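Just so it is clear, none of the values below were taken in a lab; they were calculated from the coordinates. Please read all numbers here as calculations on a predicted model, not as lab measurements. Virtual Cβ from ideal backbone geometry, glycine too; neighbours counted across all protein chains shown.
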Amino acid sequence: MKGACFRLWPLALLPCVLLPISACSGGGSTPPATPTTVAQNATAESTVQTPTAEPGAWKEYTNPDYAVSLRYPASWERARGYDMRYEGSDGFFALNAVSGGSVSLEYVCRGEAYHELRPYGTNPRIEYFPLGGVAACLIWPSDDQSAGEKGLSSLVLPYPTPVRVHCSEPAHFNYLILNADKDHIQRLADSLTFVLPAPTPSDCPTGVPGMP
């Protein structure tokens, strides 16, 4: 292992596991995974209607704790009981974050793609590409993905600088993960920008460890 992994996960999604890298993309199996520490969800967020003349207008979503802004279909609504998941009849998106110290992008992408519960099917495809001047990856599901995953695909993108996400969290986070259905993931990724500065360990009170 290259480093410990801490991940934020909405309750409807699977836990994060990072697995050893054997290649930068493609299929194949990996050794059994080791469960990781699950952190609590941050809650600060805002959505505003952005006027547009195009059919099927999209809204802007900003989450300052996750230091991210993106656009999503105007018909989607916040999922009941979840702070960072929006969904509609034709798709969804949700935010997560990973902390792995010096763990590489390839390591995070493969750990996400080949989780032991196979949320992307048995042979997902990993696509590496530049986004906003840095390397990112998209994880596409294979044909045998479970219908219950609703076309789950993911974007993995490194933060410009590690963020705390929320002062009650014990770690700072190095990677943003955007989960979405495969029909919307590319456009969601293209609209994504980081909103900095975001909370960092130095911004948080030090009197009571673990408290915001």
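The figures follow:
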{"read-out": "Approximate spin-label separation T62-A147, in nm, with each point projected 7 Å along Cα-to-Cβ", "value": "4.1 nm"}
{"read-out": "Sequence-distant residues sharing a close amide H with A74 (under 5 Å, placed H)", "value": "W58, K59"}
{"read-out": "Residues with amide H under 5 Å from that of F92, placed H, sequence gap 5 or more", "value": "D181"}
{"read-out": "Ratio Rg/Rh [Cα only; Rh per Kirkwood] for the range 106-151", "value": "1.02"}
{"read-out": "Per-residue HN-Hα couplings for the range 180-192 [Karplus 6.51, -1.76, 1.60; θ = phi - 60°; Hz; x = Gly/Pro]", "value": "6, 6, 5, 7, 10, 4, 5, 5, 4, 4, 5, 8, 6"}
{"read-out": "Around Y120: net Lys/Arg minus Asp/Glu count, Cβ-Cβ under 14 Å", "value": "-2"}
{"read-out": "Cleavage-rule hits (GluC sites (Glu not before Pro)) in the range 98-204: DSSP loop, at most 16 neighbouring Cβ within 10 angstrom", "value": "E116"}
{"read-out": "Sequence-distant residues sharing a close amide H with Y159 (under 5 Å, placed H)", "value": "Y175, L176"}
